[in-house]
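Worksheet for the structure shown next.
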Amino acid sequence: MDDPEDSPRNTAASRRDFIAGQPGQPPADDPDGEAIPAASTDFLFQATRRIMACDFQVTLDAQLHPAGPETAMAALDIVEQLDAELSVYRESSQVSQLNQLAARQPVAVDPALFELLEHCRELWEQTDGAFDITSTPLSRAWGFYRREGRMPSTGEVEDARAAVGSQWMKLERKELTVHFEQPQLEINLGSIGKGYALDRCAAWLAADVEDFIIHGGYSSILARGNRKTAGADQDGWQVAVRHPLKPRERLIELTLKDCAAGTSGSANQFFYHGGKRYSHVLDPRSGWPAEGVLSATVLCRMAADADALATAFFVMGIEQARQYVEEHPDVRAVLICPGTRSGATDVHLVGLAPDSWKLLSQAVNLIDHGTASTASDF
């Protein structure tokens, strides 16, 4: 039986601080520097459920979409099912079974999971290894797997790095089997799972609802259609990106229409050693924490891609992220970085059209890298 606090809620109280502009700190489980829906003046139906250690929420206009509330509840059921199948924290999940057995023998998986693993490896190749679902040994070496950051020895880092790499994940499409060719290999879909769940939710909702916005823990958001009100329709849905180190401060507003946004940040998980700050976002290629970026927000059509690329861009940094956007014109990004002056903050816009964003803070240095010449609509 579900805990009452984990059951669906569709009352005004369930809105919480999801609406930007309301007082109060973000919930304790919120990721760093996440994008959040901007302020609203009228009530929409909102269903919220606690899944994957965060709140998943569906927002829609029930008056315009009478079947929407029931469809939203069913969509959240899908997220619960995916959590049971994909979580490494559930021993019975398919992913846990792979981690236990796939180094010894090929393991058959469901077609949907196989396709997800194939896509993860494609993203690994596209990002030159910056996104890698096999980096758990590194997270364990640095203590972040259990949220207890520590400074490992160089030998520990190298041993862990030797066990990391999606090239060791052998996928046989004909048999739908997965085999680990490295004995210590582990997979963890935490960096793409919430976005993947939102995509599955959206596919279900689209049968009955044209206009909606859904999020998983604020760091993963997917919007379809327009924000409709009694007075007038709003083009798309507005979300605000927070300062990764000052959660009360909103830096930039973005318009999402038929696209998703994913954010990766490091404000909540880090530690200091020898006067230096080490974040939990690790570069799988070097084995060391990524540096130079405070948060990365990626916009693209699919939420799974937005989540994965946000992690990759955090690791890759400005120049490699800019190059990726040039080569993939359906991707946009906002990277927040430390400024050249102490305490200063730079906001880098990569590939965003001028009418798709609005600066909310004058206390930052805005750097617009322009829109890719071949950019297309989502």
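The values are calculated or read from the model by the stated rules, or taken from the named source; none is laboratory data. What you see is a predicted model, and the numbers here were worked out from it, not measured in a lab. Cβ: placed from backbone, ideal geometry, glycine included. Neighbour counts: every protein chain shown.
When residues in the range 218-228 are screened for being out of contact with any helix residue (DSSP H, G or I) (no Cβ under 6 Å at 6 or more places or on another chain) and surrounded by 22 or more Cβ atoms within 10 Å (Cβ to Cβ), 5 of them pass. Does Glu118 meet the test of being more than 27 Å from Arg49 (Cα to Cα), at pLDDT 95 or above and among the acidic types (Asp, Glu)? Yes, satisfied. For the range 187-262, the strands (runs of 3 or more DSSP E) that sit wholly inside it and include 1 or more residues that are more than 27 Å from Ile78 (Cα to Cα) are 237-242, 250-256.
How many of the residues making up the range 144-166 are assigned to a helix (DSSP H, G or I), without any contact (Cβ under 8 Å) to a residue 40 or more places away in the chain and not acidic (Asp, Glu)?
Taking the range 144-166 as the starting set, the residues that turn out to be assigned to a helix (DSSP H, G or I) are 144-146, 154-162, 166.
Next, from what is left, pick out any that are without any contact (Cβ under 8 Å) to a residue 40 or more places away in the chain: 145-146, 154-156, 159, 162.
Filter once more, so that each one left must be not acidic (Asp, Glu): 145-146, 154-155, 162.
Within the range 144-166, residues that are assigned to a helix (DSSP H, G or I), without any contact (Cβ under 8 Å) to a residue 40 or more places away in the chain and not acidic (Asp, Glu) number 5.
Does Gly68 meet the test of being modelled with pLDDT under 95, crowded, with 20+ Cβ neighbours inside 10 Å and more than 16 Å from the chain's Cα centre (by Cα)? Yes, satisfied.
Filtered by the rule that a residue be over 25 Å from Gln362 (Cα atoms) and modelled with pLDDT of 95 or more, the range 231-261 gives Asp258, Cys259, Ala260.
Residue by residue, here is whether (1) in contact (Cβ under 8 Å) with a residue 60 or more places away in the chain; (2) in contact with an Asp or Glu (Cβ under 8 Å, 6 or more places away or on another chain) holds:
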site	(1), (2)
Pro183	yes, no
Gly190	yes, no
Lys194	yes, yes
Ile221	yes, no
Asp233	no, no
Arg248	yes, no
Thr255	yes, yes
Asp258	yes, no
Gly265	yes, yes
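Being among the small types (Gly, Ala, Ser), under 30 Å from Ser279 (Cα atoms) and either at pLDDT 95 or above or surrounded by fewer than 17 Cβ atoms within 10 Å (Cβ to Cβ) (or both) holds for only one residue in Gly190, Gly149, Gly195, and it is Gly195.
Among the candidates Leu198, Leu171, the residue that is farther than 19 Å from His280 by Cβ, touching a His at 6+ places or on another chain (Cβ under 9 Å), free of Cβ contacts under 8 Å to residues at least 60 places away in the same chain and not small (Gly, Ala, Ser) is uniquely Leu171. All of Gly343, Gly339 fail the test of being surrounded by fewer than 24 Cβ atoms within 10 Å (Cβ to Cβ), more than 21 Å from Gly190 (Cα to Cα) and without any contact (Cβ under 8 Å) to a residue 24 or more places away in the chain, apart from Gly343. Among the acidic types (Asp, Glu) and over 26 Å from the mean Cα position of the chain (by Cα), is that true of Asp128? When the stated conditions are applied, Asp128 does not pass them.
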